[in-house]
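All remarks here apply to the structure that follows.
The values are calculated or read from the model by the stated rules, or taken from the named source; none is laboratory data. Everything numeric in this text was worked out from a predicted model, so none of it was measured. FYI the Cβ positions are ideal-geometry reconstructions off the backbone, even for glycines, and counts take in every protein chain you see. Only protein heavy atoms, including side chains, enter the accessible area calculation; ligands, DNA and RNA are left aside. Shrake-Rupley method; radii C 1.70, N 1.55, O 1.52, S 1.80 Å.
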Amino acid sequence: MNPQIDNLLHENRKFPPSDAFVSQALATAALYDEAKADRLEFWANQARELHWDTPFTQTLDWSNPPFAKWFDDGTLNVAYNCLDRHVEAGNGDRVAFHWEGEQGDSRSVTYAELTAEVKRAANVLSGLGIGQGDRVAIYLPMIPEAVVAMLAVARLGAVHSVIFGGFSADSIRSRVDDASAKLVITADGGWRKGKVSALKPAVDAALEARGDLGPQETVTNVLVVKRGENQVDWTDRDLWWHEEMAKADAEHEAQPFPAENPLFILYTSGTTGKPKGILHTSGGYLTQSAFTHKVVFDLKPESDVYWCTADIGWITGHSYVVYGPLANGTTQVLYEGTPDTPHPGRWWEIIEKYKVTTFYTAPTAIRSFMKLGRKIPKKFDLSSIRLLGSVGEPINPEAWMWYRKVIGAKAAPIVDTWWQTETGAMMISALPGVTETKPGSAQVPIPGISIDVVDDDGVHVGTGNGGLLVVTEPWPSMLRGIWGDPERYQETYWDKFGDKYFAGDGARLDDDGDIWLLGRVDDVMNVSGHRLSTAEIESALVAHPFTAEAAVVGAADETTGQAVVAFVIIKESMLEESAAVEDIAAVLRSHVGEQIGPIARPRDVFVVNELPKTRSGKIMRRLLRDVAEGRDVGDTTTLADTTVMQIITGQVSAK
Ligand code: PRX
């Protein structure tokens, strides 16, 4: 590749950790030295923090790349590691979850209570014929039962496939079929945006959609948690969760399973239309999710209250709500609803209520709060916060600084964590108390992780240059494949470089060697032969005082190949001031030109009221590209708000 992604964010601000933080920090620079001295022994030591029924003797088997085996001859039970061992260690009374319903109902669940519920649930599932290797689909709201269901499946050595509650019946059907799931666990409904959002009807529709076509129905039962109290249809295969739980035996002894026993499948979109079932296994996954959760969040299990806002339907919910934090005996907040219900300060109110110390969220959320203004968080006492995390997309320096000032009181370190569904756990992040942080950069590989930025031929680009992000050595929580499609696994991630995992992200090494993520390479544009990153231009746009949020796409252009098209939301507080400007688009275009260079100047800037986002908060650039290229807008079913595209199309065509 010609690494032209070098019109980059020139960030000179650096924030060394405070003496107060360093003096109590868990991580020290020695971790890097240890990992460097003997990478495999380093990971073996991290794995030994878990409870193994049979200790492993071999750390890594990489004899058949890219199919890795970690800790292969060891056996363990993942759920035992997340539950029973904490109770046996005398920590049964510690709260595992402070659960908060959207309506303000709440419930605190201790480790002893969670363990007891998972034991019962494991008995319910085995009574329904679920055993080692069977697949169970989970389609639930953010309620404690979602965690119980996942851990009960794991306890039996079975495999869960959590389907995000915002997905449609078709998506459920295709996921159930792809994994040949035997059981679906769902709820009548859950609370979202002030009302009950029904879930079971989508499962019913998915299962009815079988018709005469396709393979034999594999689902024998549907377990239904009562949460929304909404009316639901009932069929012979349906069972109420609470009734089955009441009947179930309270005793359940966790059995050991091999380290490479599959733990879960999680579907994620690829470049083709068919989602990929990313497969994760047990010992390596738990090792890396627990280790990173501990050191990146400087975890003090006795005193911290940790809150990761991700839904359990995404990898962040798997690794940093369920497995990592529970393996470490963490006390967490689990929130059912949306950030703005019933009022826009809901999240900050929850932080105040539970005295959250460690908060982990996505840049898109941070930018939405920026848009609303600092007055809202300022109404709440956020003084308990001592550490902030970011995940999911590049965080622009503007949002980073806002997060630091408004939420972190200019004191809490911010860790920007880069990883993917495929990597299973964090791969790049600052270590708080060790790394001098830089707004906008994910910075350095986690100890024991080998990352590089290379050109198209796989050659290291060197500091100051841009290229493709690769992982050069196998890591414990790496995906073990794509469910049922080993060739696609090989092709998608390994064929490009042969011996390196290709992450699909563009990245740049700055002069200090720190890593800056530039977005997916499929979001990298080529304008007049120059490579430009959507993230880079968005960051420039958001740095303008008028801009709250921006999304940039590359639209086909006869002259330049691709042209930069930007969609921008103006900050509420700037509406009056911006209205007085004759041509906002021209102002923003030249601002980008000034920030990055004339080549990056957008061809079009459209001021819009909303951006199309999935319910997980990802901007759907595909739809914006459709608008920018004057096509009919494609499938909008995964949007949080399906009307938003009509409005944007109207706004753009009115120009
Ligand atoms: O492009 C990167 C971006 O999100 C992609 C992975 O998405 P997903 O599998 O849904 O997992 C999201 C949660 C881990 C990556 O290829 N991404 C994730 N974290 C960051 C990021 N981009 C920049 N900075 C991050 N911290």
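Quick one: which residue in Lys294, Lys371 is more than 12 Å from the ligand (Cβ to nearest atom) and modelled with pLDDT of 95 or more?
On the way: Lys371 fails: modelled with pLDDT of 95 or more.
The conditions single out Lys294.
Which of the residues that make up region 378-387 are buried (at least 20 other Cβ atoms within 10 Å of the Cβ) and not in a loop (DSSP other than H, G, I, E, B)?
Passing the criteria: only Leu387.
Of the residues that make up region 90-102, is at least one more than 27 Å from the chain's Cα centre (by Cα), surrounded by fewer than 13 Cβ atoms within 10 Å (Cβ to Cβ) and either charged (D, E, K, R) or closer than 29 Å to Val434 by Cβ (or both)? Before you say what the answer is, go through the steps one by one.
In the first step, residues of region 90-102 are kept if they are more than 27 Å from the chain's Cα centre (by Cα); the result is 90-93.
Those still in the list that are surrounded by fewer than 13 Cβ atoms within 10 Å (Cβ to Cβ) too: 90, 93.
Still in the list and also either charged (D, E, K, R) or closer than 29 Å to Val434 by Cβ (or both): 93.
Taking every residue of region 90-102 in turn, at least one turns out to be more than 27 Å from the chain's Cα centre (by Cα), surrounded by fewer than 13 Cβ atoms within 10 Å (Cβ to Cβ) and either charged (D, E, K, R) or closer than 29 Å to Val434 by Cβ (or both).
Anything in region 355-388 that is of a type in the set (D, E, K, R) and touching a Ser or Thr at 6+ places or on another chain (Cβ under 6 Å)? List them, or say none. Can you show your working first?
The initial filter retains those residues of region 355-388 that are of a type in the set (D, E, K, R), namely 355, 367, 371, 374-375, 378-379, 381, 386.
The answer is Lys355, Arg386.
I'd like the full set of residues that are within 16 Å of the ligand (Cβ to nearest atom), among the hydrophobic types (A, V, I, L, M, F, W, C) and in contact with a Phe, Trp or Tyr (Cβ under 8 Å, 6 or more places away or on another chain), limited to region 374-413.
Matches in region 374-413: Leu387, Leu388, Val391, Ile395.
Residue by residue, here is whether (1) in contact with a strand residue (DSSP E or B) (Cβ under 6 Å, 6 or more places away or on another chain); (2) in contact (Cβ under 8 Å) with a residue 40 or more places away in the chain; (3) not charged (D, E, K, R) holds:
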position	(1), (2), (3)
Thr358	yes, yes, yes
Ala365	no, yes, yes
Lys371	yes, yes, no
Ser384	no, yes, yes
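Residues are listed down the side, and each one gets a yes or a no for (1) of a type in the set (Ser, Thr, Tyr); (2) part of a loop (DSSP other than H, G, I, E, B):
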position: Ile376; (1), (2): no, no
position: Gly389; (1), (2): no, no
position: Trp402; (1), (2): no, no
position: Val406; (1), (2): no, no
position: Ala409; (1), (2): no, yes
position: Ala412; (1), (2): no, yes
position: Thr417; (1), (2): yes, no
position: Ser441; (1), (2): yes, yes
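Working carefully through the options Glu302, Glu352, find the one that is surrounded by fewer than 22 Cβ atoms within 10 Å (Cβ to Cβ) and not in a loop (DSSP other than H, G, I, E, B). Working first, answer last.
Values: Glu302 fails: not in a loop (DSSP other than H, G, I, E, B).
Exactly one of Glu302, Glu352 is surrounded by fewer than 22 Cβ atoms within 10 Å (Cβ to Cβ) and not in a loop (DSSP other than H, G, I, E, B), namely Glu352.
Condition check ((1) open to solvent by less than 30 Å² (accessible area, probe 1.4 Å); (2) more than 20 Å from the chain's Cα centre (by Cα); (3) among the polar types (S, T, N, Q)) across all residues:
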position: Ser368; (1), (2), (3): no, no, yes
position: Lys371; (1), (2), (3): no, yes, no
position: Ser390; (1), (2), (3): yes, no, yes
position: Tyr403; (1), (2), (3): yes, no, no
position: Thr417; (1), (2), (3): yes, no, yes
position: Met427; (1), (2), (3): yes, no, no
position: Leu431; (1), (2), (3): yes, no, no
position: Asp457; (1), (2), (3): no, yes, no
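Being surrounded by fewer than 24 Cβ atoms within 10 Å (Cβ to Cβ) and free of Cβ contacts under 8 Å to residues at least 40 places away in the same chain is the requirement here; does Asn261 meet it?
Working: surrounded by fewer than 24 Cβ atoms within 10 Å (Cβ to Cβ): yes; free of Cβ contacts under 8 Å to residues at least 40 places away in the same chain: no.
No.
What do you reckon, is Ala411 open to solvent by less than 10 Å² (accessible area, probe 1.4 Å) and small (Gly, Ala, Ser)? Steps first, please.
On the way: open to solvent by less than 10 Å² (accessible area, probe 1.4 Å): no; small (Gly, Ala, Ser): yes.
In short, no.
Go through region 238-291 and count every residue that is modelled with pLDDT of 95 or more, assigned to a loop (DSSP other than H, G, I, E, B) and farther than 25 Å from Pro445 by Cβ.
10
Going by what's in this entry, would Gly424 be described as over 20 Å from Thr309 (Cβ atoms) and in a loop (DSSP other than H, G, I, E, B)? Working first, answer last.
On the way: over 20 Å from Thr309 (Cβ atoms): no; in a loop (DSSP other than H, G, I, E, B): yes.
Taking the combined requirement at face value, the residue does not satisfy it.
Residues that are within 14 Å of the ligand (Cβ to nearest atom) and among the aromatic types (Phe, Trp, Tyr): does region 414-428 have at least one? Let's see the steps before the verdict.
To start, the set of residues in region 414-428 that are within 14 Å of the ligand (Cβ to nearest atom) comprises 414-428.
Then keep just the ones that are among the aromatic types (Phe, Trp, Tyr); that gives 418-419.
Yes: region 414-428 contains one or more residues that are within 14 Å of the ligand (Cβ to nearest atom) and among the aromatic types (Phe, Trp, Tyr).
Specify which of the listed residues (Ile163, Ile185, Ile138) is open to solvent by less than 10 Å² (accessible area, probe 1.4 Å), modelled with pLDDT under 95 and of a type in the set (A, V, I, L, M, F, W, C).
On the way: Ile185 fails: modelled with pLDDT under 95; Ile138 fails: modelled with pLDDT under 95.
Matching residue, one of Ile163, Ile185, Ile138: Ile163.
Of all residues in region 443-454 being of a type outside the set (A, V, I, L, M, F, W, C) and open to solvent by less than 30 Å² (accessible area, probe 1.4 Å), which is nearest to Asp495 (Cα to Cα)? Show your work before the answer.
Taking region 443-454 first, the residues of a type outside the set (A, V, I, L, M, F, W, C) are 443, 445, 447-448, 450, 452.
Then keep just the ones that are open to solvent by less than 30 Å² (accessible area, probe 1.4 Å); that gives 443, 447-448, 450.
Values: Gln443: 27, Pro447: 26, Gly448: 24, Ser450: 19 Å.
Filtering first and then ranking leaves Ser450.
Report the residue count in region 172-213 for those that are assigned to a helix (DSSP H, G or I), under 17 Å from Gln231 (Cα atoms) and of a type in the set (Val, Ile, Thr). Explain how you work it out, then say what you get.
Initial filter on region 172-213 (assigned to a helix (DSSP H, G or I)): 172-179, 200-208.
Checking the rest, the ones that are also under 17 Å from Gln231 (Cα atoms) come to 200-205.
The next check asks that each one be of a type in the set (Val, Ile, Thr); those that pass are 203.
Qualifying residue count for the region: 1.
Residues to consider are Glu436, Glu473; find the one that is surrounded by fewer than 19 Cβ atoms within 10 Å (Cβ to Cβ), under 22 Å from Phe15 (Cβ atoms) and more than 16 Å from the ligand (Cβ to nearest atom). Even if it seems obvious, please write down each step before you answer.
On the way: Glu473 fails: under 22 Å from Phe15 (Cβ atoms).
Of the residues listed, the single one that is surrounded by fewer than 19 Cβ atoms within 10 Å (Cβ to Cβ), under 22 Å from Phe15 (Cβ atoms) and more than 16 Å from the ligand (Cβ to nearest atom) is Glu436.
Among the listed residues Ser180, Ser168, Ser106, which satisfies the condition of being among the polar types (S, T, N, Q) and under 21 Å from the mean Cα position of the chain (by Cα)? Working first, answer last.
Working: Ser180 fails: under 21 Å from the mean Cα position of the chain (by Cα); Ser106 fails: under 21 Å from the mean Cα position of the chain (by Cα).
Exactly one of Ser180, Ser168, Ser106 is among the polar types (S, T, N, Q) and under 21 Å from the mean Cα position of the chain (by Cα), namely Ser168.
Quick one: Lys294 ticks every box in (1) open to solvent by less than 10 Å² (accessible area, probe 1.4 Å); (2) out of contact with any Lys or Arg (no Cβ under 7 Å at 6 or more places or on another chain) bar one, so which box is it?
(1)
Residue-by-condition table, conditions (1) open to solvent by 70 Å² or more (accessible area, probe 1.4 Å); (2) part of a loop (DSSP other than H, G, I, E, B):
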residue: Pro17; (1), (2): no, yes
residue: Phe21; (1), (2): no, no
residue: Lys36; (1), (2): yes, no
residue: Leu40; (1), (2): no, no
residue: Gln46; (1), (2): no, no
residue: Trp52; (1), (2): no, yes
residue: Phe67; (1), (2): no, yes
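Checking the condition over 30 Å from Thr642 (Cβ atoms), within 33 Å of the chain's Cα centre (by Cα) and not charged (D, E, K, R), which residue from Gly593, Gly617 passes? Explain how you work it out, then say what you get.
Working: Gly617 fails: over 30 Å from Thr642 (Cβ atoms).
It is Gly593.
So for region 514-521 (the condition being within 13 Å of the ligand (Cβ to nearest atom), part of a loop (DSSP other than H, G, I, E, B) and in contact with a strand residue (DSSP E or B) (Cβ under 7 Å, 6 or more places away or on another chain)), does at least one residue qualify?
To start, the set of residues in region 514-521 that are within 13 Å of the ligand (Cβ to nearest atom) comprises 514-521.
Remaining after also requiring part of a loop (DSSP other than H, G, I, E, B): 514.
Adding the requirement that they be in contact with a strand residue (DSSP E or B) (Cβ under 7 Å, 6 or more places away or on another chain) leaves 514.
Checking region 514-521: at least one residue is within 13 Å of the ligand (Cβ to nearest atom), part of a loop (DSSP other than H, G, I, E, B) and in contact with a strand residue (DSSP E or B) (Cβ under 7 Å, 6 or more places away or on another chain).
Go through region 634-655 and count every residue that is at pLDDT 80 or above, in contact with a helix residue (DSSP H, G or I) (Cβ under 6 Å, 6 or more places away or on another chain) and open to solvent by 20 Å² or more (accessible area, probe 1.4 Å).
Number of matching residues: 1.
So, Arg631, is that one basic (Lys, Arg) and part of a loop (DSSP other than H, G, I, E, B) or not?
The answer is yes for Arg631.
Tell me which of these Phe502 doesn't satisfy, since it passes every other one: (1) part of a strand (DSSP E or B); (2) open to solvent by 10 Å² or more (accessible area, probe 1.4 Å); (3) at pLDDT below 90.
Going through the list (1) part of a strand (DSSP E or B); (2) open to solvent by 10 Å² or more (accessible area, probe 1.4 Å); (3) at pLDDT below 90, Phe502 breaks only (3).
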